[in-house]
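The numbers here are math on the coordinates, done by the rules we state, and not lab data. Note that this is a predicted model, so its numbers are computed, not measured. Because the Cβ atoms are built from the backbone with ideal geometry, glycine has one as well, and the counts that use them run over all protein chains shown.
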Amino acid sequence: MVSTTSKVIIESAFRRMRLLEMFYEDDIPWNAIEEGFECKGETILLANRARGIFKPKQMDSGLLSIKTTVPRKGRINIYDDAEKENGYFRYALQKGEPYKGGNKHLWEALDARSPFIYFHAVSAGRYKAIWPCYVVNIYPDKMYCEVVVGVSRYESKSSNDEFIYEVPDAPERKYAVRESRVRLFQATFRENVLNAYDNKCAVSGLPVPELLEAAHITPDSNLNSTTEISNGIALSRLHHRAYDGNLIGISPNYKVVVSEKLMSISDGMILEAMKSYNGCGLLLPKRKNAQPDKERLAERFEMFISSN
């Protein structure tokens, strides 16, 4: 049973997560996470930089969050965390005694069926938050636990409005983990692509990461799509929409081609600026293996040609 104090803290943390996701979506910087949140007149932390399993001192028992980080170059991740197709994330216990230390909080969360946040790194210092999550099984001999993604529903009552969090049934578990996994891969893909392009739009050079997205060359709905950097191009949100809508194309020799439809319209500075990139070269990553795959570009350019 979750204590009243812990329940209030968890709900306050979830409210904070809603705000963070409004601003950062699936790419939350660590400095925003470490600011914590306000609850009952004091600041409570969401996670700890050094510890993966975290319970703030204000909570009676259980945990508020778990965390998976990106290992530094040349190192391996000592935590064998992985996404499983059978409806759960596998999260490794801390080394040492499986019932003590941080692991004790996992057992408490299992016994109380209490929800928590899973911060999963998409790059160094950037995280996707998966919540509400629940521990459903712990294997002390194998030193890992099973974490499932819960469901939340909003209930409006005459006296009180609140969110209800629940452990889903088996079919819902698979769906929730699969959806979280897709969003996690997309967030990681975005970070890797933007880093390769030095956080600049490949068409306009816009250097504002908050306004940039990672466009797939081979659409992610295609079975031949991939999350390799060479299947991505850093584009502003406007240019991304235009690329996906075949209003602009990118040739195999890295030239921007603006469609006749856009070229024939005269309506304001933004459109004129987009038209001015017709025939310009793409701003490419310095690393050759991060540059757009020419075969994928050729296939996608054929789609642009046929659409126009």
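Key figures
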{"item": "Nearest-ten-degree value, helix 4-24 long axis tilted from longest Cα axis of the chain", "result": "10 degrees"}
{"item": "Virtual spin-label span in nm between E172 and A50, 7 Å along Cα→Cβ", "result": "3.9 nm"}
{"item": "M22-M1 FRET efficiency (beta carbon distance; Förster radius 35 Å; 0.05 resolution)", "result": "0.65"}
{"item": "Cα gyration tensor, segment 198-307 - rounded (a/c under 1.5), prolate or oblate", "result": "oblate"}
{"item": "K57/E228 FRET efficiency (R0 35 Å; Cβ-Cβ; nearest 0.05)", "result": "0.20"}
{"item": "Max mean-square fluctuation residue, GNM over the chain, Cα-Cα springs under 10 Å, options L235, L184, L206", "result": "L206"}
{"item": "Ranked packing of 239-248, 59-68, 284-293, 189-198, most packed first, by mean Cβ within 10 Å", "result": "59-68, 189-198, 239-248, 284-293"}
{"item": "Spin-label model distance (nm) - V182 vs M269, 7 Å beyond Cα toward Cβ", "result": "3.9 nm"}
{"item": "Spatially proximal aspartates and glutamates relative to K128 (Cα-Cα < 15 Å; intrachain offsets below 8 disregarded)", "result": "E21, E25, D26, D27, E34, D81, E83, E179, E191"}
{"item": "Relative contact order (%) - criterion: Cα under 8 Å, at least six apart; region: the chain", "result": "12 percent"}
{"item": "Entries in K67/K174; K200/K255; K57/K95 that, when Cα-Cα distance is taken, lie over 19 Å", "result": "K67/K174; K57/K95"}
